[in-house]
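To keep things clear, I will list the structure first and then write my remarks on it.
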Amino acid sequence: PAPPKQYRWTRQLPLMARAMVLSPGTLFLAGPPDVLTSRDPAAALAGAEGGVLCALATADGSRVAQYPLESPPVFDGLAAAAGRLYLAGMDGSVSCFDSKSREK
């Protein structure tokens, strides 16, 4: 039998990851909040509850930053290039985040 997997770290997050990007030193995740209501259990998945963008340190999984989003990302809707993070939202928006400001 194969030996059990050894994880560097694991972490519970306040979101259902729909998009991920790995950059040097940081893992970015975005998705709808991990919230289910009895009125409409699918509301968060449909985008009615907005979204969450989370940045985690790859070394230990510690939260570097967390931001609320007006709309969750589309599936696989994160991209990183030239020090910027781009997010395509379910509402048709495109957001650009850089290291100097929350959103550009």
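The values are calculated or read from the model by the stated rules, or taken from the named source; none is laboratory data. As the structure is a computational prediction, the values presented were derived from the model and not from experiment. Every residue, glycine among them, receives a Cβ derived from its backbone with ideal geometry; neighbour counts consider all protein chains shown. Side chains are part of the model used for accessible areas, which takes the heavy atoms of the whole protein and leaves out ligands, DNA and RNA. Shrake-Rupley method; radii C 1.70, N 1.55, O 1.52, S 1.80 Å.
Going residue by residue through region 80-98, is there one that turns out to be β-branched (Val, Ile, Thr), more than 13 Å from the chain's Cα centre (by Cα) and modelled with pLDDT of 90 or more?
yes
Given the residues Ala2, Ala55, Ala59, which is the only one that is more than 24 Å from Ala82 (Cα to Cα) and small (Gly, Ala, Ser)?
Ala2
Filtering region 88-99 down to residues that are of a type outside the set (D, E, K, R) and more than 23 Å from Asp34 (Cβ to Cβ), which residue is least open to solvent (accessible area, probe 1.4 Å)?
Only one residue tops the list, namely Cys96.
For the structure I just gave you, tell me whether Ala59 is open to solvent by 70 Å² or more (accessible area, probe 1.4 Å) and modelled with pLDDT of 90 or more.
yes
Scan region 36-45 and tell me whether some residue there is within 22 Å of Val94 (Cα to Cα), modelled with pLDDT under 80 and open to solvent by 20 Å² or more (accessible area, probe 1.4 Å).
Looking for residues that are within 22 Å of Val94 (Cα to Cα), modelled with pLDDT under 80 and open to solvent by 20 Å² or more (accessible area, probe 1.4 Å), one finds at least one in region 36-45, hence yes.
From the set of residues in region 46-56 that are farther than 13 Å from Pro73 by Cβ and over 13 Å from the mean Cα position of the chain (by Cα), which is modelled with the highest pLDDT?
Glu49
Output the number of residues of region 64-82 satisfying the condition of being touching a residue at least 24 places away in the same chain (Cβ under 8 Å) and either out of contact with any Ser or Thr (no Cβ under 7 Å at 6 or more places or on another chain) or open to solvent by 80 Å² or more (accessible area, probe 1.4 Å) (or both).
Counting residues in region 64-82 that are touching a residue at least 24 places away in the same chain (Cβ under 8 Å) and either out of contact with any Ser or Thr (no Cβ under 7 Å at 6 or more places or on another chain) or open to solvent by 80 Å² or more (accessible area, probe 1.4 Å) (or both) gives 12.
Output the residue which, of all residues in region 22-35 that are surrounded by fewer than 20 Cβ atoms within 10 Å (Cβ to Cβ) and under 15 Å from Pro72 (Cβ atoms), is modelled with the highest pLDDT.
Filtering region 22-35 for residues that are surrounded by fewer than 20 Cβ atoms within 10 Å (Cβ to Cβ) and under 15 Å from Pro72 (Cβ atoms), the one modelled with the highest pLDDT comes out as Pro33.
Return yes when Leu85 is at negative phi, surrounded by 12 or more Cβ atoms within 10 Å (Cβ to Cβ), out of contact with any strand residue (DSSP E or B) (no Cβ under 7 Å at 6 or more places or on another chain) and touching a residue at least 24 places away in the same chain (Cβ under 8 Å) and no when it is not.
It is false that Leu85 is at negative phi, surrounded by 12 or more Cβ atoms within 10 Å (Cβ to Cβ), out of contact with any strand residue (DSSP E or B) (no Cβ under 7 Å at 6 or more places or on another chain) and touching a residue at least 24 places away in the same chain (Cβ under 8 Å).
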